[in-house]
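A quick write-up on the structure given underneath.
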Amino acid sequence: MESGYVIYEGESMLEPGVAIVAIATMQSSNIKTGNMIQTWIMRADTHPLDALKTANDAAVCGDCPLRSGNGCYVNVAQAPAAVWKSYKRGIYPALRTDRMVGREIRLGAYGDPCALPFEVWHNIVRDVPKWTGYTHQWRTADQRFRELLMASTHSLEENDVAHSMGWRTFRAKLQGDPLAPDEFYCPSDRGVECRDCRACDGTHLGTRRSTFKSVAIDVHGSAPKLKRAILTIERNKVA
């Protein structure tokens, strides 16, 4: 089996005219997600670290408030950079969906899944037992993504808007902020892997009601990123 596959090469749905690439890597040591297939969404023409440093990452991150060094927990200099370099060396062949049968997949280990056309992900998840995915683009994205993704939110007010649009939510909250009655706390801190939890898949192709319980977690990351994330969330709550 190959170490990874090209899922998509084409125009970003978040920044028309910008070429992006999405890569699926088949093995993971991520202790929170377990050995799920990981997917990485990056500009095709720019090293992801350079895109972050120059704030040219909108094609893959959209209007996420945590992008461009504002608190995103992803260490772009590690896995995304390594995957992008491997892509540039041409080691990843085009996707073979039979390689994913029976495997769980994470939509967007880096990058927002809504940067790709809905049909790309829909064709993939039909052949897998479980997936997870999140988007900050829930207000403006193709609304069919409600079937696959959680709306990434940072306040109860955002939750209310997302729920009114038919989304389930995953709220990154400040420590000490209470849970809403329709939320439960992400069990990853108790050692439950994402592939076993099976909660963060939107409405699971329409088989779950949008009123099915949503998820919340305390914002996390390395100390410097956590500080920036908290400032960003507090600023957005005031706004």
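With charges set only on the Cβ (+1 for Lys and Arg, -1 for Asp and Glu), what does the dipole of region 1-108 come to about its Cα centre, in debye to the nearest 20? Show your work: numbers first, answer last.
Details: 11 positive and 10 negative charges, 76 e Å.
For this selection, approximately 360 debye.
Given charges of +1 on the Cβ of Lys and Arg and -1 on the Cβ of Asp and Glu, with all other atoms neutral, how large is the dipole of region 47-109 about its Cα centre, in debye to the nearest 20?
On the way: 9 positive and 5 negative charges, 59 e Å.
Roughly 280 debye, rounded to the nearest 20.
Comparing V83, V74, V161, which has the greatest mean-square fluctuation in the GNM of the chain with Cα pairs linked when under 10 Å apart?
V161
Using the count of nearby Cβ atoms within 10 Å as a rough guide to exposure, how do T33, T140 rank from fewest to most?
Result, fewest neighbours first: T140, T33.
Could you tell me which trypsin sites (Lys or Arg not before Pro) in region 30-62 are loop residues by DSSP with no more than 12 other beta carbons within 10 angstrom of their beta carbon?
On the way: sites: K32, R43, K53; in loops: K32.
Answer in residue order: no site qualifies.
If amide H atoms are built 1.01 Å from N in the plane of the peptide, which residues on other chains or at least 5 residues away come under 5 Å of the amide H of D218?
Counting only residues 5 or more places away or on other chains, the set is K173.
What is the order of V192, V60, fewest Cβ neighbours within 10 Å to most? Write down the numbers at each step before the final one.
On the way: V192 15, V60 32.
By the 10 Å Cβ count, ascending: V192, V60.
Assign one of three labels to region 9-144, namely rounded, prolate or oblate, based on the Cα gyration tensor with a ≥ b ≥ c the square roots of its eigenvalues; rounded applies when a/c is under 1.5, prolate when it is not and a/b is larger than b/c, and oblate otherwise.
It is rounded, given that a/c, with a ≥ b ≥ c, falls under 1.5.
Using 7 Å Cα-to-Cβ label points, what is the A19/K32 separation (nm, one decimal)?
Inter-label distance under the simple model: 3.3 nm.
Describe numerically, in nm with one decimal, the distance between label points set 7 Å from Cα along Cα→Cβ at L231 and at F212.
Label-label distance for L231 and F212, simple model: 3.9 nm.
Exactly which trypsin sites (Lys or Arg not before Pro) in region 168-239 are in a DSSP loop and have at most 11 other Cβ atoms within 10 Å?
The qualifying sites are R209.
Would you mind ranking M100, M26 by Cβ crowding within 10 Å, fewest neighbours first?
M26, M100
Which net charge results for the neighbourhood of Y87, defined as the other residues with beta-carbon distances under 12 angstrom from its beta-carbon, given Lys and Arg at +1 and Asp and Glu at -1?
Net of charged neighbours comes to +2.
So for the chain, if I pair up every lysine 8 or more residues apart or on another chain, how many of those pairs have alpha-carbons under 21 Å apart?
Lysine pairs satisfying the spacing and distance rule in the chain number 15.
Set the Förster distance to 35 Å, then compute FRET efficiency between K88 and N123 from the Cβ-Cβ distance, nearest 0.05. It would help to have the intermediate numbers written out before the result.
Working: r = 26 Å, r/R0 = 0.73.
That gives a FRET efficiency of 0.85.
Can you give the % of DSSP beta bridges in region 4-238 that are antiparallel, to the nearest 5?
Close to 40 percent.
Every number in this text was worked out from the coordinates using simple rules, so none of it is lab data. Owing to the predicted nature of the structure, the values given are computational and were not obtained by experimental measurement. Every residue, glycine as well, gets a Cβ built from its backbone with ideal geometry; the counts of neighbours run over all protein chains shown.
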